[in-house]
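Enquirer: Before I ask anything, let me first share the structure, which is written out below as structure tokens.
The values are calculated or read from the model by the stated rules, or taken from the named source; none is laboratory data. Quick caveat: nothing in here was measured; it's all calculated off a predicted structure. Note that each Cβ is placed from the backbone with ideal geometry, even for glycine, and that neighbours are counted across all protein chains shown.
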Amino acid sequence: MSSNGYTPLFGSLTTGTLCGKWPDIGLWPIVLSLADKNGVVDVTHQYISTVTGLALSEVVECMKRFCQPDYGSRSSAESGARLLLLEDHREWGWQIVNHSLYRERARLMSQNNAQVADGRNAEKVRRYKERHPKTPADTAGHPQTPRDTLSDSDANKEKKAAIAAEVVLHESLPKETWEEWLAHRKEKRLTMSPRALKTQLKLLARYDSATQREMIETSINAGWEGIFAPKGAKPTQEPRRGLPTLRV
């Protein structure tokens, strides 16, 4: 078996449906580390038992659970199942369902970190400012106030804080699902105005929690910049004032 030698782990591993489930939550990272570059884990239960020190019976049952639907999963692919058997005639050898998705997410994060480390991001910002210089007209007729004396970084922090204070999530939308969507946009370097944020939340609020997760996960997997209602899905309710919300 050819392993990729390195497997990045995301915080969502411990905050999802594996939370509190042993030995599943301990075995899953080992399974990821045994995968090749295509997400194939072509080893036997006995091999995994030897590597982990878990009893063979525990490994067999655990791998069966990984192949079962998980309707609480953040991913709607294969009904939330983590693994698929490679061949029907044998009970070992698996394909990791969302391997390519998380591999690409890790690649983008690594790329962004590298660009920050070697200054490429700073160079892009500099070139952007050169192409879009501020003119005297930008500040004409606006006397200086204490807010005007804030540094760029302080002003940006204050602006982000104001936007965050305005955004509320309907209680039917899982907070972690929304945060995954924001992280996806951040990785793609897409900005979003407060009005656009509220428009997306208003659209999501018309559907139940499962459909909202499906909408966001579909957009992330497809690399879309927006969220769209699934074809044929019927809203469960019209947005209305007084709908319970959770401030983020």
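Enquirer: Only one residue in 110, 79 is under 29 Å from residue 17 (Cα atoms), surrounded by 10 or more Cβ atoms within 10 Å (Cβ to Cβ), at pLDDT 75 or above and out of contact with any strand residue (DSSP E or B) (no Cβ under 9 Å at 6 or more places or on another chain). Which one?
Expert: 79
Enquirer: If you take just the helices (runs of 4 or more DSSP H) that sit entirely in the range 9-58, which of them hold at least 3 residues that are of a type outside the set (Val, Ile, Thr), free of Cβ contacts under 8 Å to residues at least 60 places away in the same chain and assigned by TED's automatic domain parsing to the domain that holds residue 82?
Expert: 24-33, 45-52
Enquirer: Could you list, ordered by first residue, the pairs with Cβ atoms under 8 Å in which the first is in the range 78-96 and free of Cβ contacts under 8 Å to residues at least 24 places away in the same chain and under 17 Å from residue 44 (Cβ atoms) and the second is part of a helix (DSSP H, G or I) and not basic (Lys, Arg), at least 6 apart or interchain?
Expert: 84/78
Conditions (1) surrounded by 14 or more Cβ atoms within 10 Å (Cβ to Cβ); (2) of a type in the set (Phe, Trp, Tyr); (3) modelled with pLDDT under 75; (4) not in a loop (DSSP other than H, G, I, E, B), marked per residue:
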{"site": "122", "(1), (2), (3), (4)": "no, no, yes, yes"}
{"site": "127", "(1), (2), (3), (4)": "no, no, no, yes"}
{"site": "155", "(1), (2), (3), (4)": "no, no, yes, yes"}
{"site": "197", "(1), (2), (3), (4)": "yes, no, no, yes"}
{"site": "227", "(1), (2), (3), (4)": "yes, no, no, no"}
